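Laboratory data are not the source of any read-out in this text; all were calculated from the coordinates shown. Predicted, not measured: the structure shown is a model, and the values here were computed from it. Using ideal geometry, Cβ is built from the backbone for each residue, glycine included, and neighbour counts are taken over all protein chains shown.
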Amino acid sequence: PDYRAATFLTSAGKVSQCPEDSGWEVAFAGRSNAGKSSAINSLTANKKLARTSKTPGRTQLINFFELSENQRLVDLPGYGFAKVPLAVKREWTRQLENYLQTRESLRGLVLLMDVRHPLQEFDRQMLGWAIAADMPVHILLTKADKLKNGPAGNTLLQVRKQTRDYGDRVSVQLFSALKHTGHKELIAVLDAWLMD
Ligand code: GDP
C-alpha cells in the first residue's frame with residue numbers, strides 16, 4: 001500500500017465502536033511518549049495524521065486510518081496513563097486486550113518502545129496478549145538517534161535475546177522518526193502483513 005495515502009477514517013472509544021471487521025489492519029501500540037505519533041506521521045509523511053501528543057496518555061481513543069478500501073493502520077491509545085485514574089486505566093487495559101484478542105482483521109502489532117527504556121511492564125503485557133492471540137509483533141526501538149551506534153546495537157541484540165522464546169512471531173528493529181532510520185525495514189513488515 002501507499003502509506004502516504006493514509007486518511008483518517010474514524011475513532012472508537014471502545015472495541016464495540018470499531019469500524020467493520022473486514023479486510024486487513026495493523027495496529028501501533030506503545031507507552032505514552034514512546035514516539036508512536038512521530039512514527040505514524042513519518043511513515044505516512046503526514047505531520048498531522050496522528051497528532052504528536054504533548055499531553056501523555058490523554059488521547060484514549062483507537063484511531064483508524066485508511067490506506068485503501070480494505071487496508072487500515074490503527075493507532076491504539078498510548079499507555080502509561082500518567083495522570084489517568086486507576087478505573088480508567090483498568091478499562092483501557094481491558095479494551096486493548098479485547099481488541100487484540102477479538103479483532104479478526106488485525107494482522108500484526110507494531111510495538112514501540114523508547115530504545116533507552118525497552119520492555120517495560122506494559123510492553124511485556126502487550127507482548128503476552130499478542131502472543132496469546134497468535135498475533136505477530138514487530139518491535140520498534142524508537143528514538144535510536146538518542147544513542148550512539150554501539151549502545152543502540154547492543155540494545156537491539158539484548159531485546160532480540162529477551163524475546164527469543166517467541167521465535168519468529170516477534171521481530172525487533174531500530175527506528176528513528178527524526179533521522180528516518182529503519183523506514184524500509186518497517187515498511188517491508190507492514191507490506192507483508194497487509195498483503196491480500
Ligand atoms: P507518543 O506519545 O508515543 O505518540 O510520542 P510522540 O511521537 O509524541 O513523541 C514523544 C516525544 O519524543 C516528542 O517530544 C518527540 O519529538 C520525541 N521523538 C519522537 N520520535 C523521535 C525520534 O525518532 N528521535 C528523537 N530524538 N525524538 C523523538
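Would you mind telling me which residue in Ser22, Ser32, Ser105 has the biggest mean-square fluctuation in a Gaussian network model of the chain, where springs connect alpha carbons within a distance under 10 angstrom? Greatest mean-square fluctuation among the candidates belongs to Ser22.
Under a 5 Å amide H cut-off, with hydrogens placed 1.01 Å from N, Leu174 pairs with Leu141 among residues at least 5 apart or on other chains.
Largest GNM mean-square fluctuation among Pro151, Pro77, Pro136, using the chain with Cα springs under 10 Å: Pro151. Once the C-beta distance of Tyr166 and Ser11 is scaled by a Förster radius of 35 Å, the resulting FRET efficiency is 0.70 to the nearest 0.05.
Rounded to the nearest 5, what is the percent of antiparallel bridges among the DSSP beta bridges in the chain? Percent antiparallel among DSSP bridges in the chain is about 30. Can you pull a Stokes-Einstein diffusion coefficient for the chain at 25 °C (0.890 mPa s), Rh from Kirkwood over Cα pairs, as a whole number of µm²/s? Result for D is 147 µm²/s. Loop sites by DSSP among the GluC sites (Glu not before Pro) of the chain, restricted to those with at most 15 other Cβ atoms within 10 angstrom, leave 105-196 as the longest stretch without any of them. Between Met195 and Lys148, the contour length at 0.36 nm per residue exceeds the Cα-Cα span by 13.4 nm.
Taking amide H atoms as placed 1.01 Å from N in the peptide plane, the amide H of Arg72 lies under 5 Å from those of Trp24, Glu25, Val26, Leu67, each 5 or more residues away in sequence or on another chain. Comparing mean-square fluctuations of Ala87, Ala29, Ala144 from a GNM of the chain with C-alpha springs under 10 Å, the top value falls on Ala87.
Model label points for Asp2 and Arg51, set 7 angstrom from Cα along the Cα-to-Cβ axis, are 2.8 nm apart. In the structure displayed, which of Lys36/Lys184; Lys89/Lys143; Lys14/Lys184 lie more than 28 Å apart, Cα to Cα? The pairs that break the limit, which is 28 Å between Cα atoms, are Lys14/Lys184. For the chain, the mean residue ellipticity at 222 nm estimated from helices alone is -10000 deg cm²/dmol, where every DSSP H run of n ≥ 4 contributes -39500 (n - 2.57) and the total is divided by all residues, rounded to the nearest 500.
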